[in-house]
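Notes follow once the structure below has been shown.
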Amino acid sequence: MDRDLSRFKQQAAWRAVEFVESGMVVGLGHGSTVAFALHRIARLLQEGQLRDVLGVPCSRQVEAEARRLDIPLTTLEEHPVVDLTIDGADEVDPDLNLIKGGGGALLREKIVAQASRREIIVVDESKLSPALGTRWPVPVEVVPFGWRSQAAYLESLGAEVTLRRGSDGTPFRTDQDNLILDCRFGPIPHPAELAARLDRRAGIVEHGLFLGLATDVIVAGDRGLQHLRSDKG
């Protein structure tokens, strides 16, 4: 990872952790930027600056890392309301709408985001975009059964569709054992309309359009830290 990019990610993540308070239930997002937050939370717990924090991991990978760092964990079944979630994003528009799912954890991330009182997104400045879809495809999680029919449907909406594959060349599988279709629409003028069409389609489990969920976006870059807030926040 580029040294400046790594530094920006750490700055944004550490700033987000400043909002974590003792006794909170905290959503632990998935991705390289949030990894810095995990390590920071673990350090503050070890030093006693934070106490009684419970984490809700958004992926099996994050769960394993949190356990390795001795961060106490819980579930949405035990705590259905999350005080604060720290997560990353692949693209952020001026209204703080997001594209997420580059790491493949979009379903669990959206479930935790919708259960959260506060959703803090941490990004470096390269993730800011004039419109969703300008720089990043929309990940769409689909059940394996009939996935080619979902690909055809997405193409009918104007997407260039690619089945995501792992490093070994086999189809990538989510924690739910589903597939991901990466859909390059180009700039999306009306993301809410596209989201509604995706929501209505049987076989589409979830999509990476996270609309109206972020309360805060912390951006790190050459100009320092920016803290963007939505009306929800």
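What follows draws every value from the coordinates through simple rules; no lab data is involved. Quantities reported herein were computed from a predicted structural model and do not represent experimental measurements. When we count neighbours, we look across all protein chains shown, and the Cβ atoms used for this are built from the backbone with ideal geometry, even at glycine.
Each part gets one Cα centre, and for the stretch 176-197 versus the stretch 84-140 those centres are 13 Å apart. For D124, the residues whose modelled amide H falls within less than 5 Å of its own, excluding neighbours fewer than 5 places apart on the same chain, are A220. When the Cα positions of P94, Y153, S230 are compared along the charge dipole of the chain, Y153 comes out farthest toward the positive end, with charges on each C-beta of Lys, Arg, Asp and Glu. Each residue of the stretch 116-131 was assigned a 3J(HN,Hα) from its phi angle through the Karplus expression (A = 6.51, B = -1.76, C = 1.60, θ = phi - 60°), giving 9, 5, 9, 10, 9, 9, 10, 9, 8, 5, 5, 8, 6, 9, x, 7 Hz with x at Gly and Pro.
Using square roots of five times the C-alpha gyration tensor eigenvalues, list the equivalent-ellipsoid semi-axes of the chain in whole Å, biggest first. Display every interim value, and only then the final one.
Numbers: eigenvalues 169, 79, 53 Å².
The equivalent ellipsoid of the chain has semi-axes of 29, 20, 16 Å.
Each Lys and Arg Cβ is given +1 and each Asp and Glu Cβ -1; about its Cα centre, the stretch 138-205 then shows a dipole of about 140 debye. Amide hydrogen proximity for V138: with H placed 1.01 Å from N in the peptide plane, the residues at 5 or more positions away or on another chain lying under 5 Å are C183, R184, F185.
Charged side chains reduced to their Cβ positions (Lys and Arg at +1, Asp and Glu at -1) give the chain a dipole of some 220 debye around its Cα centre.
Compared with the alpha-carbon gap, the fully stretched path from L163 to D231 is longer by 20.9 nm at 0.36 nm per residue.
Here the sum of -39500 (n - 2.57) over DSSP H runs of 4 or more residues, divided by the residues of the chain, equals -9000 deg cm²/dmol at 222 nm, to the nearest 500.
Annotation for the stretch 116-171: chymotrypsin sites (Phe, Trp or Tyr not before Pro) lying in DSSP loop with at most 16 further Cβ atoms inside 10 Å of their Cβ are F145.
Treat the count of other C-beta atoms within 10 Å as a stand-in for reagent exposure and order S156, S230, S129, S149 from fewest to most.
On the way: S156 9, S230 16, S129 19, S149 13.
Ordered from fewest to most neighbouring Cβ atoms within 10 Å, S156, S230, S129, S149 come out as S156, S149, S230, S129.
Under 5 Å between amide H atoms, partner at least 5 residues away or on a different chain: which partners does H207 have, H built in plane at 1.01 Å? Residues meeting the amide H criterion: E141.
Taken along its three principal axes, the alpha carbon spread of the stretch 138-205 comes to 35, 23, 19 Å, from the longest extent down to the shortest.
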